[in-house]
1. For the stretch 61-110, state the average projected area of the convex hull of the C-alpha atoms over all orientations, rounded to one decimal in nm².
2. Tell me, which cysteines of the chain are without a disulfide-compatible partner by the Cβ under 4.7 Å rule?
3. Kindly identify the stretch 1-48 as rounded, prolate or oblate by the Cα gyration tensor criterion: order the square roots of the eigenvalues as a ≥ b ≥ c, call it rounded if a/c is under 1.5, otherwise compare a/b with b/c, prolate if a/b is larger, else oblate.
4. In Å³ and rounded to a whole number, note down the convex hull volume per residue for the Cα atoms of the stretch 33-81.
5. Under 26 Å between alpha carbons, and skipping anything fewer than 8 positions from LYS139 in its own chain: which lysines qualify?
6. Would the stretch 128-205 count as rounded, prolate or oblate if I go by the C-alpha gyration tensor, calling it rounded below 1.5 in a/c and otherwise prolate when a/b exceeds b/c, oblate otherwise?
7. By per-residue mean of other Cβ atoms within 10 Å, what is the highest-first order of 174-185, 72-83?
8. Determine the percent antiparallel among the DSSP beta bridges restricted to the stretch 127-232, to the nearest 5.
Amino acid sequence: MKTCRLVTLGCKVNQYETQLVREALERQGYREATDEEIAELCVVNTCTVTSNGDSRSRQVIRQLARQNPGTRTLVMGCYATRDPRAVAKLPSVAEVITDKRELPDILARHGIYDDLPGISRFPGRKRAYVKLQDGCILKCSYCIIPQVRPGLNSRSPEEIEAEVRRLLDSGHQELILTGIHIGHYGVDTTRGRSGKPPFRLWHLIQRLDRIPGDWRMRLSSIEAAEMDDDFIA
């Protein structure tokens with residue numbers, strides 16, 4: 001059986017996206033290597049929110065190359081997007097993924113054919129993350145994230161609900177709704193579309209709340225200004 005090793009740096013969204021890749025690899029016959037084994041394929045999901053994130057990302061990639069001679073390393077995440085040339089020069093790096101929409105095609109180049117339909121579990125965790133959206137359109141002077149995750153991309157409520165049901169069926173009883181800017185969930189799908197009723201975060205929460213069972217959902221973070229009367233109601 002083919003072996004792999006996955007390392008995640010950074011936020012809850014990165015943890016979700018790594019799990020997305022992990023399940024795709026498992027469907028293609030990969031298993032995670034033990035500490036004593038050399039992994040044929042490594043995946044590093046990087047962070048760039050601080051300079052420490054950049055440095056730690058480089059350190060992990062070099063360490064994996066030393067510990068897994070001959071491995072192919074796929075590098076994704078915010079540092080890979082911000083400085084792909086620097087990442088490409090690191091040892092064992094076979095692909096630098098700067099746009100996650102290209103992930104299925106890039107995986108296919110390495111013999112991993114999967115349409116990444118979502119996740120079904122978070123191994124070893126009672127809580128599971130559900131990614132609602134990606135991207136940020138704010139221009140905060142102190143934050144680099146809008147540059148490496150620009151625009152807004154909200155998942156459909158149908159896709160999210162199906163994923164929530166899979167996670168509940170896997171035994172998770174607490175789900176954390178996460179994203180880069182979840183307060184802007186649905187903005188991109190309703191903006192400028194006359195006649196289409198808006199479907200925002202509070203509508204999604206109401207929909208998910210109708211799923212039966214003894215479980216709870218949490219919001220990873222949201223701006224106070226986005227907690228309007230509709231949300232609280």
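Computed from the coordinates by the stated procedures, all read-outs in this text should not be read as laboratory data. Given the structure is predicted, the values throughout are model-derived calculations rather than measurements. Ideal geometry is used to build each Cβ from the backbone, glycine not excepted, and the neighbour counts take in all protein chains shown.
1. 3.3 nm²
2. Cysteines of the chain left without a disulfide-compatible partner: CYS4, CYS11, CYS42, CYS47, CYS78, CYS136.
3. oblate
4. 66 Å³
5. Answer for LYS139, where 26 Å is the Cα cut-off: LYS12, LYS100, LYS131, listed by chain and number.
6. It is oblate, given that a/c is not under 1.5 and a/b is not larger than b/c.
7. Taking the mean over residues of other Cβ atoms within 10 Å, the ranking is 72-83, 174-185.
8. Values: 2 of 13 bridges.
Percent antiparallel among DSSP bridges in the stretch 127-232 is about 15.
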